[in-house]
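The values are calculated or read from the model by the stated rules, or taken from the named source; none is laboratory data. Model, not experiment: these values are computed from the prediction. Quick reminder, even Gly has a Cβ in these numbers, built from the backbone with ideal geometry, and neighbours come from all protein chains shown.
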Amino acid sequence: MESLQRVYERPGPFVTAYLDTSGDAEDADKAIELRWRAIHESLREQGADDATVEAIGAHVREHRAQTGQRGQVLVGEGGDVVLQDELPEPPTDLPAEDQAHVGPLPHLLPYLRRCRTRVAFVAADVDHEGADLLLFHGPGKAEEVRVDGEAHPVHKAHSGKQENQQRGHMAVEEQWKRNAEAVAGEITERVGKLKAEAIVLTGEDQQRSMVRSLLGEAQHLVLDTGSRTESAEDLRHEVTLSVHEAQVADAVEEFQRESGRGARAVEGWPDTVDALRQGQVQTLLWTADDHAGDLRVGAGATELSADERTLKDLGGEGVGDAPASAAVVRALAGTSAELVITDPGTVDLTGGIGAVLRYAA
């Protein structure tokens with residue numbers, strides 16, 4: 001959520017477009033252009049300014065279709081594109097009013113929902129000589145990196161005198177350890193650069209165990225999942241699912257625990273919006289859909305309310321009405337709070353929304 005803060009530094013209004021950029025068809029570029037024309041027309045009908053629409057259109061025209069099902073989100077303001085990102089799947093399930101939106105805030109909940117399918121992680125297939133790494137940045141192709149330790153000696157010999165054989169085995173095991181240290185060091189560095197949420201280790205059992213023991217604080221990111229035979233996409237899907245399920249389970253457990261104590265949890269729109277306005281929210285749980293009505297918003301990140309009077313009483317001044325989801329996302333980004341989107345039935349929340357608080361109400 002913190003990465004969105006720079007978007008909200010702009011005063012608005014914002015233009016938000018979700019575009020299917022799938023490149024499976026032979027005439028994919030033409031199809032993308034036609035989809036953009038429909039979105040362009042809708043944006044103009046909603047009063048979007050020409051300079052901002054043109055800036056978004058320039059990005060679309062510069063885009064080159066890539067094989068596979070995919071999409072893009074583009075947010076513009078004041079003649080500039082302030083956010084552009086790839087989507088792991090086309091946004092064809094979105095209603096037309098979500099695919100093209102103009103308002104005082106960007107419409108980003110559909111984007112964040114789709115971010116659940118994009119987890120940065122490192123997969124390492126380990127052997128005695130080093131490891132083959134796959135670096136998963138997002139929905140695109142994984143980056144391949146080879147880590148080579150010292151190649152000699154890495155194989156134990158079983159001939160000659162027992163004393164010499166034992167000395168040779170010790171030298172090999174010491175080499176394995178040095179190579180494991182090189183691999184663990186590279187993984188740790190890559191995890192930091194990627195801000196990875198998981199590590200998958202496969203390969204030779206003893207060497208893999210040694211690498212894991214050398215990961216230090218990053219050990220908690222290692223998942224017991226994956227195999228050497230899985231495709232990159234299958235691995236991506238499995239890791240993403242595991243990470244998301246763990247995040248949801250932790251958030252739900254904390255919410256239910258704090259709800260039982262009755263101090264650091266709220267649910268329902270009135271209490272949750274009040275907590276957002278006061279900057280109390282640590283983690284927001286959301287099962288509601290994208291159409292929970294509108295809220296009145298002011299210029300500040302936490303200026304949101306169901307009515308104008310409340311904003312004025314708190315010293316704010318309304319700048320317009322925005323979808324409740326857009327107002328909530330801005331408040332979360334502005335207060336560095338976490339968003340956990342849950343599937344229906346995972347947790348029972350009044351109005352489909354609730355929060356764990358940083359401090360008691």
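Points to keep in mind about this one:
- Residue that is nearest to residue 108 (Cα to Cα) [pool: residues in the range 306-327 that are without any contact (Cβ under 8 Å) to a residue 60 or more places away in the chain and among the aliphatic types (A, V, I, L, M)]: 324
- Restricted to the range 113-135, and to residues there that are aliphatic (A, V, I, L, M) and either in a loop (DSSP other than H, G, I, E, B) or out of contact with any strand residue (DSSP E or B) (no Cβ under 6 Å at 6 or more places or on another chain) (or both), the residue that is surrounded by the fewest Cβ atoms within 10 Å (Cβ to Cβ) is 120.
- Filter result for residue 94 (among the aliphatic types (A, V, I, L, M) and modelled with pLDDT under 90): yes
- Only residues that are in a helix (DSSP H, G or I) and either touching a residue at least 24 places away in the same chain (Cβ under 8 Å) or within 20 Å of residue 324 (Cβ to Cβ) (or both) were counted across the range 260-286, and they come to 9.
- Residue in the range 230-253 that is at pLDDT 90 or above and not in a helix (DSSP H, G or I) present: no
- Residue selected from the range 113-146 under the condition modelled with pLDDT of 90 or more and of a type in the set (Val, Ile, Thr), by the criterion nearest to the chain's Cα centre (by Cα): 122
- Sole exception among (1) closer than 24 Å to residue 238 by Cβ; (2) buried (at least 17 other Cβ atoms within 10 Å of the Cβ) for residue 214, by number: (1)
- As for the range 94-107, it holds at least one residue that is buried (at least 20 other Cβ atoms within 10 Å of the Cβ), part of a helix (DSSP H, G or I) and within 23 Å of the chain's Cα centre (by Cα).
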